[in-house]
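Heads up, the thing below is written out as structure tokens.
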Amino acid sequence: MPSRSIPSRVAPILLAALCAAGVAHAQGSAVAPTPTQVRPAVDHAYTQLLGAPGIKQLLDAVQADHERSIEDLKMLTEIEAPPFKEQKRAEAFLARLKALGLTDARIDSEGNVIGLRKGTGNGPKLMISAHLDTVFPAGTDVKVKERDGKLYAPGISDDTRGLAVLLSWLKVLNDNKIQTVGDLLFVGNVGEEELGNLRGMKAIFRDHLDIDGMVGVEPAAEGNVTVLGTASHRYEVTFKGPGGHSYAAFGQVPSAIHGMGRAIAKIADIKTPSFPKTTFTVGTVGGGTSVNTIAPDARMAVDIRSDDMNALLDTEKKVLAAIDEAVAEENKRWNVTTLSASNKLIGDRPGGRTGSDSVIVEAAVRSNAAFGHKTLLSGASTDANVPMSLGIPAIIIGGGGKTGGFHALSEWIDVTDGWKGAQNALVTVLGLVGVQGVSEPLLAKRPPRLK
């Protein structure tokens with residue numbers, strides 16, 4: 001999960017219209033109550049599921065497995081998984097999948113852990129996932145500490161809790177011999193955080209062209225369903241000049257840092273729409289060699305995001321133009337042409353959206369209602385961005401437990417009654433893939449995509 005912020009609120013009608021028209025808590029761009037009514041087929045499927053004795057036993061098993069699943073949570077949390085260094089946690093997650101019955105599970109070429117639990121045949125293939133990586137660098141103390149009823153450790157909720165929930169689901173499905181109609185593709189993916197750039201999800205959807213839908217498990221409040229994917233572009237900008245002595249070369253050479261300062265000031269003045277929400281920031285800066293040197297180099301990193309790709313591209317154009325203008329002004333100030341700037345795209349997260357009237361969203365709404373929760377639709381930048389950008393139905397939902405302190409060393413989770421959220425999310429999944437002898441799949445099979 002990228003860094004979260006409190007979602008801004010929009011009118012329910014406006015959000016519903018955007019979703020229906022096809023227009024993004026990690027970044028939390030929009031939240032609104034959804035209609036409580038769903039199509040009759042969805043209501044019927046969940047009435048059948050929730051009334052079936054076998055499903056009631058399955059949900060009881062989720063509750064009974066809760067304490068054991070917390071051991072998985074602690075074990076995985078205490079394995080470092082910095083961006084691009086997820087291998088050890090991937091290996092541990094893979095071992096648990098195999099021990100719980102997915103003997104053919106494997107680690108793919110990108111580092112994702114993938115295991116297929118086959119259905120009865122001719123059903124949809126639903127990917128259920130949680131990400132392996134955290135934002136914390138190697139060497140971070142990831143020992144789980146218990147205090148005041150909460151578990152504290154970097155990354156324990158974002159998204160190690162999701163991994164533990166997937167393992168619990170696999171165990172109870174196998175122990176209770178629940179046969180789904182559709183296939184369940186269990187995934188622990190890499191590259192969700194920081195400059196991971198969703199590389200894990202991009203690889204999965206590049207290599208698996210028959211996935212019909214995706215449900216990601218992330219820390220989320222009860223009833224929260226992420227349906228819009230906030231797109232983002234990130235740039236590393238480097239300024240280069242000849243440099244020189246601060247006194248002897250004054251008036252003869254431009255300063256890379258002064259040029260960058262001009263660029264930052266111009267970027268700060270850029271106007272963006274409040275809806276669709278579009279943002280920018282210069283997140284990091286650096287450069288220079290000493291206090292008495294006209295800087296020969298400077299660098300900055302720029303983050304640009306939007307719930308609409310056209311708005312993002314328009315802002316990106318303005319940011320890049322501001323950099324060019326700043327360089328020209330710094331050169332003109334000293335009547336030279338020796339300062340230059342170059343940029344490198346270091347982050348590219350596609351945007352997308354899943355319609356509020358789609359079956360996958362209505363399934364989550366109906367399941368939430370069964371567990372007494374009002375659904376809130378939200379926007380964010382998550383693993384779901386990739387399938388959304390491809391037109392594949394995708395949502396992010398919570399796995400249970402109260403959480404806080406995301407991306408901080410003080411990150412925590414209160415797992416008291418966390419099994420309730422795990423039950424809720426599993427019911428959402430089962431309605432989508434169907435259960436043999438109980439309900440037909442709600443998720444439609446899609447024509448296989450072409451490479």
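Every number in this text was worked out from the coordinates using simple rules, so none of it is lab data. Owing to the predicted nature of the structure, the values given are computational and were not obtained by experimental measurement. In this analysis, Cβ positions are derived from the backbone assuming ideal geometry, glycine residues included, and neighbour counts consider all displayed protein chains.
Dipole of segment 232-346, Cα-centred, from +1 at each Lys and Arg C-beta and -1 at each Asp and Glu C-beta, to the nearest 20 debye?
For segment 232-346, the charge dipole is close to 100 debye.
To the nearest Å, what is the center-to-center distance of segment 225-246 and segment 46-99, using C-alpha atoms only?
Here the two parts' Cα centres lie 38 Å apart.
Determine the dipole magnitude for the chain: charges of +1 sit on the beta-carbon of Lys and Arg, -1 on that of Asp and Glu, nothing else is charged, the reference point is the Cα centre, and the result goes in debye to the nearest 20.
Dipole size: approximately 460 debye.
Which residues does a label at residue 292 reach in segment 209-250, if reach means a backbone N under 13 Å from a point 7 Å past the Cα toward the Cβ?
Once the point is set 7 Å along Cα→Cβ of residue 292, 245-249 turn out to lie under 13 Å by backbone N, inside segment 209-250.
Given the -39500 (n - 2.57) contribution per DSSP H run of 4+ residues, what per-residue ellipticity at 222 nm results for the chain, rounded to the nearest 500 deg cm²/dmol?
-11000 deg cm²/dmol
Would you kindly state how much longer the chain becomes between residue 371 and residue 324 on full extension, computed as 0.36 nm times their sequence separation minus their alpha carbon distance, in nm to one decimal?
Computed gain between residue 371 and residue 324 is 11.4 nm.
Starting from segment 51-117, pick out the GluC sites (Glu not before Pro) whose DSSP state is loop and whose Cβ has at most 11 other Cβ atoms within 10 Å.
Listed in order of number, the matching sites amount to none.
Tell me, Kirkwood radius of segment 156-273 from alpha-carbon pair distances, in Å?
With all distinct Cα pairs of segment 156-273 included, I get 19.8 Å.
Once you treat every alpha carbon in segment 232-346 as an equal point and sum by Debye, what is log10 I(q)/I(0) at q = 0.24 Å⁻¹?
-1.25
Spin-label point model (7 Å from Cα, Cβ direction): what's the residue 99 to residue 314 distance in nm?
Placing both labels 7 Å along Cα→Cβ, they lie 5.4 nm apart.
State the extension gain, in nm to one decimal, for the chain segment bounded by residue 275 and residue 338, taking 0.36 nm per residue of separation less the distance between their alpha-carbons.
Taking residue 275 through residue 338 to full extension adds about 18.7 nm, to one decimal.
Once you keep just the Cα pairs under 8 angstrom separated by 6 or more residues, what percentage relative contact order results for segment 259-417?
Averaging sequence separation for qualifying contacts and normalising by length gives 17 percent for segment 259-417.
Between residue 247 and residue 179, how many nm apart are label points set 7 Å from Cα along the C-beta direction?
Each label point lies 7 Å from its Cα, and together they span 8.8 nm.
Once a ≥ b ≥ c are taken as the square roots of the eigenvalues of the Cα gyration tensor of segment 305-442, is the result rounded (a/c under 1.5), prolate (a/b larger than b/c) or oblate (a/b not larger than b/c)?
In terms of gyration-tensor shape, prolate.
Where the only charges are on Cβ atoms (+1 Lys, Arg; -1 Asp, Glu), what is the dipole of segment 160-245 about its Cα centre, to the nearest 20 debye?
Once rounded to the nearest 20, the dipole reads 240 debye.
Could you list 309, 300 in order of exposure, starting from the residue whose Cβ has the fewest other Cβ atoms within 10 Å?
309, 300
Let me check against my output: what whole-number percent is the relative contact order of segment 232-346, with C-alpha pairs under 8 Å and at least 6 apart?
43 percent
Residue farthest toward the positive end of the dipole of the chain, with Cβ of Lys/Arg at +1 and Asp/Glu at -1: which of 422, 168, 338?
Toward the positive end, the furthest listed residue is 338.
Going by how many other beta carbons lie within 10 Å of each one, how would you line up 406, 371, fewest first?
Ranking 406, 371 by Cβ neighbours within 10 Å, fewest first, gives 371, 406.
Please work out which option in (i) 62, 49, 44; (ii) 75, 55, 35; (iii) 85, 46, 45 gives Cα extents along the principal axes in Å calculated from these coordinates, and answer with its label.
(iii)
Determine the relative contact order of segment 60-114: mean sequence separation of Cα pairs under 8 Å and six or more apart, normalised by residue count, in whole percent.
Relative contact order, segment 60-114: 22 percent.
At a 10 Å Cβ-Cβ cut-off, how would you order 169, 419, fewest neighbours first?
419, 169
Which loop GluC sites (Glu not before Pro) in segment 266-362, with loop taken from DSSP, have no more than 10 other Cβ atoms within 10 angstrom of their Cβ?
Filter output for segment 266-362: empty list.
Local charge sum around residue 97 (other residues, Cβ-Cβ under 12 Å, Lys/Arg +1, Asp/Glu -1)?
+2
I need the calculated FRET efficiency for the pair residue 120 and residue 209, taking r as the beta carbon distance and R₀ as 25 Å, to the nearest 0.05.
E between residue 120 and residue 209, to the nearest 0.05, is 0.70.
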